[in-house]
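Take a look at the structure set out below.
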Amino acid sequence: MTVPSRKSRQFELRGQEILDAALALFQSDTWEEVTVAEIAQQAEVGKGTIYKHFSSKDEIYAQLAMNFQRQILVQFAKVDTRLPVIDRFRQYLKAAWEVHLSSQELHRVFLYCSRAGFRSRLQATTLTELEGIEYQLSLPTQQLVALGMEQGIFPRKPLPLLLFGAQSAFWGAIQLVWSGYLGDIDQSDYLEELTTFILAGLIYHDQPIDAQRLPSRPPS
């Protein structure tokens, strides 16, 4: 194993300092308007130094998004793969929930980097790296749900279709928390409600709804 040189370590450290400076500036509601010059000032370096590490502000966004996803991967790796499907699913959901609620700045950058328009501006190598990490992040859940299908826990359906409702519920819940709409909440209680809702949707996905038991009008 090759040990990085001192110069290489210093270069990586400076790159991380630039990312930290950018993230500090992204706390503002006008974070998308932050300039490279402002990031350089925050990091106490020249603009030229920024461009030695990142070809553009979009590259900074992408690196922050990838670091954010690596945090989730680290937490996923801690989950015991010997756990039953439902218990493991709960642990994966808890890990994703906690990381997404650990930093509003990283969460909003992550969502920004999912836009097609943003990705079209990235260098090919960065886009490939970003997509590779996203693929790694999707594997544990997809493999677990596939196992659940084999065991008869979840209905057999194309994964994108089966997981659509679960993903929609998760992202909607995260947005509700960060928007302030829910106020000051007990995150563990809301996570339990969200997990129960998502699992019920997956397990009973194909079961018919009894129209006679549905209310004729929304409750007032």
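Throughout, read-outs are computed from the coordinates displayed, never taken from laboratory work. All values reported here derive from a predicted model rather than from experimental measurement. Neighbour counts are summed over all protein chains in view; Cβ atoms, including those assigned to glycine, are modelled from backbone coordinates with ideal geometry.
Relative contact order for the chain using alpha-carbon pairs under 8 Å, separation at least 6, rounded to a whole percent?
Across the chain, relative contact order equals 17 percent.
If you fit an axis through the alpha-carbon atoms of helix 124-150 and take the longest principal axis of the Cα set of the chain, what angle between them do you get, 0 to 90°, nearest 10?
Compared with the principal axis, the helix lies near 20 degrees.
In the chain, how many lysine pairs have Cα atoms under 25 Å apart, counting only pairs 8 or more places apart or on different chains?
Value for the chain: 6.
Expressed as cubic angstrom per residue, what is the convex hull volume of the alpha carbon set of region 76-181?
Residue-normalised Cα hull volume stands at 128 Å³.
Taking a temperature of 20 °C and a viscosity of 1.002 mPa s, what whole-number D in µm²/s does Stokes-Einstein yield for the chain with Rh from Kirkwood over alpha carbon pairs?
Calculated translational D: 107 µm²/s.
Helix 159-179 versus the longest principal axis of the chain: what is the Cα-based angle in degrees, 0 to 90, to the nearest 10?
Helix 159-179 sits at roughly 60 degrees to that axis.
Quick one: in region 1-102, what % of C-alpha pairs are over 23 Å apart?
Percent of Cα pairs beyond 23 Å in region 1-102: 44.
Can you tell me the equivalent ellipsoid semi-axes for region 7-54? Use √(5λ) from the Cα gyration tensor, largest first, whole Å.
So the equivalent ellipsoid measures 20, 11, 7 Å along its semi-axes.
Tell me the label-point distance for the pair L13, R121, using the 7 Å Cα-to-Cβ offset, in nm and rounded to one decimal.
3.2 nm
Calculate how steeply helix 85-100 sits against the longest principal axis of the alpha-carbon atoms of the chain, using the helix alpha-carbon long axis, and give the answer as 0 to 90 degrees to the nearest 10.
40 degrees
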